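Remarks on the structure that follows.
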Amino acid sequence: MAIGADWMSAASFISMAGLISFLGRDGSVYLMGWTGGYVLLALLLAPYLRKFGKFTVPDFVGDRYYSQTARIVAVVCAIFVSFTYVAGQMRGVGIVFSRFLNVGITEGVLIGMGIVFFYAVMGGMKGITYTQVAQYCVLIFAYLVPAIFISIMITGNPLPQLGFGSELNDEPGTYLLDKLDGLSQALGFSAYTEGHKSMTDILFITAALMVGTAGLPHVIVRFFTVPKVADARKSAFYALVFIAILYTTAPAVAAFARTNLLSTVPGKAYVKVDAWVRNWESTGLIAWVDKNADGIIQYTQGAPFTGKPNFVDSEKGPHGQRMVTNQLSENSNELYIDRDIMVLANPEIAKLPNWVIGLVAAGGLAAALSTAAGLLLVISTSISHDLLKKSIQPNISERKELLTARVAAGFAVLVAGYFGINPPGFVAQVVAFAFGLAASSFFPAIIMGIFYKQMNKEGAISGMVAGIVFTMGYILYFKFINPADNNASHWWFGISPEGIGTLGMLLNFAVALTVARFTSPPPENVKAMVDDIRLPEQN
Amino acid sequence: MGPMATHDPEHSYWRGNLKYLSILLIIWFLVSYGCGILWVDQLDKIRIGGFKLGFWFAQQGSIYVFVGLIFLYVLWMNRLDKTYEASKNDHTSG
């Protein structure tokens with residue numbers, strides 16, 4: 001269950017349903033990507049890494065490819081992937097605190113940083129594993145209760161998974177999803193159950209997410225703590241069952257939230273709108289700009305202004321709304337909604353009792369805290385164990401190793417908090433980056449390490465380098481150097497930067513296999529090691 | 001590899017493992033990339049209740065199948081482990 005709790009990060013709990021809610025069918029890439037990646041992890045990685053029996057992923061890469069260089073490349077990837085993840089979690093914590101302590105998002109993230117720091121740096125692996133089971137229970141309960149309530153209210157069906165395919169309570173004969181398609185189109189959005197991205201792009205993004213997910217270091221390390229290989233397989237199964245409960249509920253929550261949002265807010269006067277809109281406006285995660293000065297909220301396709309809202313608090317608008325200084329866009333959309341608030345706001349929108357809203361907040365916190373703690377552990381052990389002890393200073397004392405680990409975790413909290421507060425759009429971009437890097441570097445190296453005995457260090461290293469450089473170059477170009485060109489007509493083969501990790505992965509495989517053909521095969525003791533990890537326990 | 005190699009228990013254990021993995025991964029691919037992405041528009045023409053079938057596969061069905069896949073994997077591999085243990089004992093004693 002600890003694996004399940006690690007997996008279900010704040011991203012899953014808070015952001016995913018929100019993302020799907022705004023993306024419609026295209027949001028499926030996250031559902032399939034994350035759960036499908038889990039299948040890869042359970043089938044292709046977990047049992048063998050368990051048999052290998054060391055502590056970290058860089059340990060495996062370093063030993064299998066008998067090379068410090070390979071180990072260091074893996075450490076750098078692990079740290080980078082984990083950092084981007086922690087940053088996302090910190091933002092999740094910040095959102096919960098900002099709404100329920102009634103402070104701005106910045107203060108919310110700062111409070112979260114303090115708690116995560118205390119929690120992860122002072123405790124250890126054992127403390128984390130133990131509390132994660134408790135957190136998991138809070139989390140799943142918090143997610144299911146409001147979903148079931150809302151499902152009954154809207155469709156009369158207590159199972160959200162079936163509910164969002166059912167008929168509406170107040171309009172018998174009309175299915176919820178048809179109603180939602182209709183509402184969306186009437187407001188100028190495209191239909192909820194149809195896709196907008198090209199099929200190639202969807203394929204590549206899903207693959208990058210799956211493969212990148214399978215390489216998430218903080219989840220892989222969990223499998224090192226079970227006693228036997230057979231237990232690794234079994235706990236992978238249980239973890240996926242629990243993950244599936246949440247992941248099949250999420251699209252239902254998304255559809256309910258979207259329907260409620262579209263049927264309660266657009267076309268209403270700002271002064272008459274439900275309280276939740278203003279509550280979230282005061283946290284800075286909703287903004288309304290009255291473009292045509294009619295006092296009514298117009299909501300349609302397109303961003304209301306460029307970037308995230310930049311509030312001025314010295315003056316209020318004529319209706320009491322908060323004013324922003326952003327450059328307004330040409331379209332008629334007046335409403336800015338941060339996607340991450342959908343799950344937390346959903347019970348408020350549906351007017352559920354206060355205790356349910358509190359429960360969801362508790363669940364969001366549990367999710368974010370447990371994942372953040374797990375990730376911090378990976379970062380601190382990567383630095384103290386993989387980098388310092390195994391690479392730079394082999395005879396470091398245990399006390400010093402522990403101290404480095406704590407300092408590293410503390411530093412990681414600070415960096416993560418910084419990204420949680422500052423340009424949040426940046427975090428989303430870096431997440432794509434992290435998946436792409438994990439997909440194009442780790443994954444092929446580990447897979448070939450297990451399934452292709454002839455793979456040698458020259459092949460693995462050149463493959464990882466080729467994969468990473470290619471993927472990083474493509475993402476850097478479109479996301480940071482020339483963002484203006486970031487559209488389908490400039491992408492290679494129509495693949496967006498989110499999906500390019502898949503191509504990087506294929507490149508990695510190709511380069512590694514070619515190089516391995518022309519260089520000397522791995523030494524006999526490494527081949528014997530591969531033979532050994534392929535078998536179940538002796539005796 | 002001579003005929004001896006196919007009879008040694010390590011080798012046949014690994015062969016069995018690879019066979020199961022291929023079967024499971026083919027299903028994995030067909031359900032997620034196939035039903036959820038490649039054939040989604042064709043499947044969307046079929047409706048089950050309020051769901052278009054392709055949409056359902058992308059957001060629900062694929063996940064249920066994934067759970068089933070890992071269940072099968074655990075079952076098959078545990079059986080394979082047992083066969084392996086047994087044949088290894090035969091091998092060393094005989």
Residue count for the stretch B:34-47, restricted to those that are crowded, with 20+ Cβ neighbours inside 10 Å and of a type in the set (F, W, Y): 0
So A:V29, is it within 20 Å of the chain's Cα centre (by Cα), more than 14 Å from chain B (Cβ to nearest Cβ) and touching a residue at least 24 places away in the same chain (Cβ under 8 Å): no
Filtered residues of the stretch A:29-83 (kept if among the polar types (S, T, N, Q), surrounded by fewer than 24 Cβ atoms within 10 Å (Cβ to Cβ) and closer than 15 Å to A:L377 by Cα): A:T56
Unique residue being open to solvent by 20 Å² or more (accessible area, probe 1.4 Å) and modelled with pLDDT under 80 when the list is A:L359, A:L388: A:L388
Neighbours by Cβ (under 7 Å, 6+ apart or cross-chain): first from the stretch A:223-250, on the phi > 0 side of the Ramachandran plot and facing another protein chain (nearest Cβ under 9 Å); second among the aliphatic types (A, V, I, L, M) and assigned to a loop (DSSP other than H, G, I, E, B): none
Helices (runs of 4 or more DSSP H) enclosed by the stretch A:392-510 - at least 3 residues per element that are of a type in the set (G, A, S) and at pLDDT 85 or above: A:457-476
Subset of the stretch B:51-72 (residues that are within 7 Å of another protein chain (Cβ to nearest Cβ), more than 14 Å from A:Y247 (Cβ to Cβ) and not hydrophobic (A, V, I, L, M, F, W, C)): B:K52
Qualifying residue in the stretch A:253-275 (condition: within 14 Å of chain B (Cβ to nearest Cβ), crowded, with 16+ Cβ neighbours inside 10 Å, within 25 Å of B:G68 (Cα to Cα) and modelled with pLDDT of 85 or more): yes
Among (1) open to solvent by less than 10 Å² (accessible area, probe 1.4 Å); (2) closer than 30 Å to B:L25 by Cβ, the one test that A:I245 misses: (1)
Neighbours by Cβ (under 7 Å, 6+ apart or cross-chain): first from the stretch A:496-516, within 12 Å of A:A445 (Cβ to Cβ); second assigned to a helix (DSSP H, G or I) and among the polar types (S, T, N, Q): A:M505/A:S440; A:N508/A:S440; A:V511/A:S462; A:A512/A:S462
Residue in the stretch A:33-53 that is away from chain B (no Cβ under 14 Å) and either touching a strand residue (DSSP E or B) at 6+ places or on another chain (Cβ under 7 Å) or farther than 30 Å from B:I63 by Cβ (or both) present: yes
Subset of the stretch B:73-94 that is more than 7 Å from chain A (Cβ to nearest Cβ) and within 30 Å of A:Y30 (Cα to Cα) - its residue that is least open to solvent (accessible area, probe 1.4 Å): B:W76
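The values are calculated or read from the model by the stated rules, or taken from the named source; none is laboratory data. Keep in mind the model is a prediction, meaning the values are calculated, not measured. As a convention, Cβ positions derive from the backbone with ideal geometry for all residues, glycine included, and neighbour counts pool all protein chains shown. To get the accessible areas, we keep the full protein, side chains included, count just its heavy atoms, and leave off ligands, DNA and RNA. Shrake-Rupley method; radii C 1.70, N 1.55, O 1.52, S 1.80 Å.
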